[in-house]
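So the structure is just underneath, and the comments pick up after that.
The values are calculated or read from the model by the stated rules, or taken from the named source; none is laboratory data. Computed from a predicted model, the values in this text were never measured in an experiment. Ideal geometry is used to build each Cβ from the backbone, glycine not excepted, and the neighbour counts take in all protein chains shown. Accessible surface areas use protein heavy atoms only, side chains included; no ligands, DNA or RNA. Shrake-Rupley method; radii C 1.70, N 1.55, O 1.52, S 1.80 Å.
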Amino acid sequence: MYRSLYTSRTGMNAYQNKLDVISNNLANSQTDGYKRISTEFESLLKDSLNGRGVPLSENAGKNLVIGTGIKTGDSIRIWEQGILMTDENPLAIALDGEGFFGVENPSGDLLLTRNGQFGLSLNGELVNEDGYKVAVENEESLEGWAPEQIEVTVDGELFVTGTDGEIKSMGSLKLYRTMSQEVLTEVGEGYFLSDENGLEQIERNKLFETVVRQGFVEKSNVDIGQEMVDMMISQRAYQMNARAVQTADEMWSLINNMKR
């Protein structure tokens, strides 16, 4: 009886964790550049029925085992690219391919993000929606220029065109990639910190698999339909485990009453 309670309890905990992950994905389904999280289940240690006095038929075979429950494994960030959609913001920029933008928070930390909703600060710096300064190489002040006057090439170089028709380079976006996803630490709001040893800047002449798209934004890669299906399955599994706990409790109460 105790085994039934324990096994069902592990199932309830595992599916509650699964539901928490799904809820987080759904909450961020409209967050630009968000990458969904996936989690899988792992079996706990199995127990052998041999030597436990369990009656077995002649055809049962050898080394029969019974599960003792499940748990959720490590959550995995799914890095597949989201859909690129046009945006009214002239300084909306998306990465078509691998890599991250770099932004500097008030503490001076370099944060990585796929969200390219950028704009201009009052002093002419390229900043994101949170006001964090975007990492730009050979940066020139954009003060006095309107966002509509700034053009971004497919390799990330910023240009402005003066009234006399002169085209001037104002710097280049710094793009980064990591040696492994394991060096990334999520810090919330779509930002990631990276181990310095696992981070490198992508050189402009090596952007073979990454194209910078001005006027586009990368949407979340969350599939709402699939998440809803997973939620319904997880809710039903949670309810089944809850009923198993209730049934085991009722049987235990019945046994205790019989003893009295």
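Of the residues making up the range 99-113, just one is among the acidic types (Asp, Glu) and in a strand (DSSP E or B), namely Glu104.
One residue alone among Gly82, Gly144, Gly108, Gly97 is touching a Ser or Thr at 6+ places or on another chain (Cβ under 6 Å) and at positive phi, and that residue is Gly97. The residue of the range 182-209 that is modelled with the lowest pLDDT, among those that are under 16 Å from Thr113 (Cα atoms) and part of a loop (DSSP other than H, G, I, E, B), is Asp195.
Scanning the range 23-42 for residues being over 14 Å from Ser220 (Cα atoms) and not in a strand (DSSP E or B) gives a total of 1.
For every residue, the table says whether it meets (1) in contact with a Leu (Cβ under 6 Å, 6 or more places away or on another chain); (2) modelled with pLDDT of 90 or more; (3) over 27 Å from Arg243 (Cβ atoms); (4) open to solvent by less than 60 Å² (accessible area, probe 1.4 Å).
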position: Arg3; (1), (2), (3), (4): no, no, no, no
position: Met12; (1), (2), (3), (4): no, no, no, yes
position: Val21; (1), (2), (3), (4): no, yes, no, yes
position: Ala27; (1), (2), (3), (4): no, yes, yes, no
position: Thr31; (1), (2), (3), (4): no, yes, yes, yes
position: Thr39; (1), (2), (3), (4): no, no, no, yes
position: Ser48; (1), (2), (3), (4): no, no, yes, yes
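Need the failing condition index for Ala237 against (1) in a helix (DSSP H, G or I); (2) open to solvent by 40 Å² or more (accessible area, probe 1.4 Å); (3) of a type outside the set (Asp, Glu), just the number. Condition not satisfied by Ala237: (2). Within the range 104-119, one or more residues are open to solvent by 80 Å² or more (accessible area, probe 1.4 Å), at pLDDT 95 or above and under 30 Å from Gln214 (Cα atoms).
Take Glu129 and tell me if it is free of Cβ contacts under 8 Å to residues at least 60 places away in the same chain, under 25 Å from the mean Cα position of the chain (by Cα) and over 14 Å from Gly102 (Cβ atoms). Yes; evaluated as a whole, the condition is true for this residue.
Among the residues examined, Glu182 does not qualify as within 16 Å of Gly97 (Cβ to Cβ), free of Cβ contacts under 8 Å to residues at least 24 places away in the same chain and open to solvent by 60 Å² or more (accessible area, probe 1.4 Å).
Report whether or not Ser220 is surrounded by 18 or more Cβ atoms within 10 Å (Cβ to Cβ), over 25 Å from the mean Cα position of the chain (by Cα) and either in a helix (DSSP H, G or I) or among the hydroxyl-bearing types (Ser, Thr, Tyr) (or both). Considered against the rule, which asks whether it is surrounded by 18 or more Cβ atoms within 10 Å (Cβ to Cβ), over 25 Å from the mean Cα position of the chain (by Cα) and either in a helix (DSSP H, G or I) or among the hydroxyl-bearing types (Ser, Thr, Tyr) (or both), Ser220 comes out as no.
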